[in-house]
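Please read the structure below before turning to the comments.
The values are calculated or read from the model by the stated rules, or taken from the named source; none is laboratory data. Computed from a prediction, not measured in an experiment: that's the story for all the values here. For neighbour counting, all protein chains shown are included, and Cβ atoms are generated from backbone atoms with ideal geometry for every residue, glycine included. Accessible surface areas use protein heavy atoms only, side chains included; no ligands, DNA or RNA. Shrake-Rupley method; radii C 1.70, N 1.55, O 1.52, S 1.80 Å.
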Amino acid sequence: MRSGIEFTLERCIIRPWRLDDAESLAKHANNRKIWLGVRDLFPHPYTIQDAHEFLQRAISEQPEMKFCIEIEGTAVGGIGVHPGQDVYRYTATVGYWLGEQFWGRGIMTEVVTAVTDFCFDNFPLRRISAEVFANNPASARVLEKAGFAFEGRLKNNVMKDGQVLDSLLYARTK
Ligand SMILES: CC(C)(COP(=O)(O)OP(=O)(O)OC[C@H]1O[C@@H](n2cnc3c(N)ncnc32)[C@H](O)[C@@H]1OP(=O)(O)O)[C@@H](O)C(=O)NCCC(=O)NCCS
């Protein structure tokens, strides 16, 4: 699996994480605007130690399901696919982030599309879903453009930054 995943897309490369990504990972991930869109599990501030710990975990995962987004030779974002278990074993969820300086260029739309296509082609998945905080229209738009359908609004589902928020459930099915 390790060497198998590398896509060159129009705007970026998707590849496995490497231990030497730590510095650029910490640089781009250390951003409160990114943290506001993701789970609290994502550290903030994001230190070089957080980057080392994430990279150790990501590269030892089998199969590897966390991918680096590379632009101009540098790691600038990430996307992770999390397989379900038990009765959810034909499903997965997806999460992603991108360094702020690269927002608004269609990068994440092509990444989410390519990674979900790859997962449907290579794993026996019937459903890939993502949940977006209701105050994150850019991410909802990414999912719509990547072919995900809006399935519903989960009321008061999230506590983020001291605020209770709804979340929006999106899925692509096969
Ligand atoms: C969400 C995120 C991944 C988007 O990445 P990106 O590469 O900028 O996304 P794209 O450029 O492919 O598409 C963004 C779309 O959102 C739209 N958009 C941006 N801000 C918006 C806003 N405030 N309201 C409505 N639409 C908005 C853009 O116009 C674009 O749609 P368009 O192509 O129809 O014009 C990026 O902003 C990010 O990393 N945010 C922080 C982490 C995060 O929220 N992760 C997702 C968790 S679910």
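Using the Cα centre of the stretch 1-70 as origin and beta-carbon charges of +1 (Lys, Arg) and -1 (Asp, Glu), tell me which of ILE13, PHE54, ASN31 is placed farthest towards the positive end of the dipole.
ASN31
Using only DSSP helix segments of four residues or longer, with each worth -39500 (n - 2.57), what per-residue ellipticity at 222 nm results for the chain after dividing by its residue count and rounding to 500?
Calculated at 222 nm, the ellipticity per residue is -8500 deg cm²/dmol.
For the chain, set up a GNM with springs between Cα atoms under 10 Å and report which of TYR88, TYR46, TYR96 has the largest fluctuation.
TYR88
Given a 10 angstrom Cα cut-off, can you work out which residue in TRP17, TRP35, TRP103 is the most mobile in a GNM of the chain?
For the chain, modelled as a Gaussian network with Cα springs under 10 Å, the answer is TRP103.
On a straight-distance basis, which lysines could pair with LYS27 in a cross-link, Cα separation under 20 angstrom, same-chain partners fewer than 8 positions away excluded?
Within the straight-line cut-off, LYS27 pairs with LYS66.
Give the percent of DSSP beta bridges with both residues in the stretch 69-174 that are antiparallel, rounded to the nearest 5.
Within the stretch 69-174, antiparallel bridges account for around 90 percent of the total.
Tell me the per residue accessible area of the stretch 21-174 using a 1.4 Å probe; a whole number in Å² is fine.
Accessible surface, normalised per residue, equals 53 Å².
Among PRO83, PRO43, PRO124, which one shows the biggest mean-square fluctuation in a GNM of the chain, springs joining Cα atoms closer than 10 Å?
Sorting by GNM fluctuation, first place goes to PRO124.
Count charges around ALA138 for me, please; just the other residues with Cβ under 13 Å from its Cβ, Lys/Arg as +1, Asp/Glu as -1.
Local charge sum for ALA138: +2.
Charges only on Cβ, +1 for Lys and Arg, -1 for Asp and Glu: so what's the dipole of the stretch 1-117 about the Cα centre, in debye to the nearest 20?
200
Under a straight-distance cross-link criterion of Cα-Cα below 20 Å, which lysines are reachable from LYS174, leaving out those fewer than 8 residues away in the same chain?
Counting by Cα, and skipping residues close in sequence, LYS174 has these lysines nearby: LYS145.
Taking all protein chains together and a probe of 1.4 Å, list ASP117, ASP20 from the most accessible to the least accessible.
Solvent-accessible surface, decreasing: ASP20, ASP117.
Just to be sure I understand the rule: take each whole DSSP H helix in the chain, project its Cα atoms onto its long axis, keep it if the span is 15 Å or more and its mean Kyte-Doolittle hydropathy is at least -0.5. Which ones pass?
48-60, 107-122
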